[in-house]
Amino acid sequence: INQRPWLASQGINSGSTNQRKSTRTTINDDLTLSLDSRALGESQFRVSGLIGGNLYSQDFAQLTGTGTTMVIPDYFNLGNFQTQTVTGTLTTQKRLLGAYSQMEFNYAEWAFLTLTGRNDWSSTLPTNANSYFYPSAQLSLIFTDALSWRPRWLDYGKIRVSKAKVGNDAPQYALTPRYNNASAPGANNDQQQF
């Protein structure tokens, strides 16, 4: 907002600025190879599965400003404002590499066993402990088909049991200290805040 002539004629400086720069880049790539359901020989067993990899990358940076009362008209530098608010965020980065697989075994379309596993390597964890694995197993039985049992009050019955382990990494820089050197207008600039 520019200097207003009717305020300048009264000796009152006007102003105001708002300066912001934000940058966010996110890339999430997956490559998956899958195997459609196939019979094992002449039996009633069938198998299907997949194997894949994931690459996740995120970068974020932020810079803000503000201003308020302008000292020199038409000079929109933050240092030219009596009231200032300046913030800044260092660039945060995160990289994650994952490998995953799933296998499903099917017997006669009434018994199913599904096994999954994923391993991730994350840049937000210490380099000597940046890998974590989380598997799962699920067994389901359609007992109305297995027993050929169809009472009038039940068309479909299924029992499912599963167990899974979950994994997650830490937010960016949560495990390492980050320092910001800050000063405020009018404050003793020899003092630093950490």
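The values are calculated or read from the model by the stated rules, or taken from the named source; none is laboratory data. Bear in mind that the values here come from a model prediction, so they are computed numbers and not experimental data. Here the Cβ positions follow ideal geometry from the backbone for every residue, glycine too, while neighbour counts run over all protein chains shown. Side chains included, ligands, DNA and RNA excluded: accessible areas come from the protein's heavy atoms. Shrake-Rupley method; radii C 1.70, N 1.55, O 1.52, S 1.80 Å.
Here are some residues: T114, T91, T83. Which one is farther than 20 Å from R38 by Cβ and assigned to a strand (DSSP E or B)? Break it down stepwise before answering.
On the way: T114 fails: farther than 20 Å from R38 by Cβ; T83 fails: assigned to a strand (DSSP E or B).
After ruling out the rest, the residue left standing is T91.
With the requirement that a residue be small (G, A, S) and surrounded by 13 or more Cβ atoms within 10 Å (Cβ to Cβ), what does region 70-90 give you? Outline the logic, then answer.
Taking region 70-90 first, the residues small (G, A, S) are 79, 88.
Scanning region 70-90 gives no hits.
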Completion exercise
Inside region 12-64, the number of residues satisfying the requirement of being farther than 30 Å from R95 by Cβ and either not polar (S, T, N, Q) or not in a loop (DSSP other than H, G, I, E, B) (or both) is 13
Practice task
All but one of (1) within 18 Å of the chain's Cα centre (by Cα); (2) open to solvent by 50 Å² or more (accessible area, probe 1.4 Å); (3) touching a residue at least 40 places away in the same chain (Cβ under 8 Å) hold for P126, so report the exception by its number.
Solution key: (1)
Fill in the blank from the handout: Going through (1) among the hydrophobic types (A, V, I, L, M, F, W, C); (2) in a loop (DSSP other than H, G, I, E, B); (3) modelled with pLDDT of 80 or more one by one, V161 fails only at (2)
Fill in the blank from the handout: Only one of (1) open to solvent by less than 30 Å² (accessible area, probe 1.4 Å); (2) touching a Phe, Trp or Tyr at 6+ places or on another chain (Cβ under 9 Å); (3) at pLDDT 90 or above does not apply to S57, and that is (2)
Problem - Test: R95 is at pLDDT 80 or above, surrounded by fewer than 13 Cβ atoms within 10 Å (Cβ to Cβ) and not acidic (D, E) - result: no
Fill in the blank from the handout: Of the residues in region 23-56, those that are under 16 Å from T114 (Cα atoms) and of a type in the set (D, E, K, R) come to D36, R38, R46
Fill in the blank from the handout: Just one listed residue, out of W153, W121, is assigned to a loop (DSSP other than H, G, I, E, B) and either loosely packed, with under 13 Cβ neighbours inside 10 Å or of a type outside the set (A, V, I, L, M) (or both), and it is W153
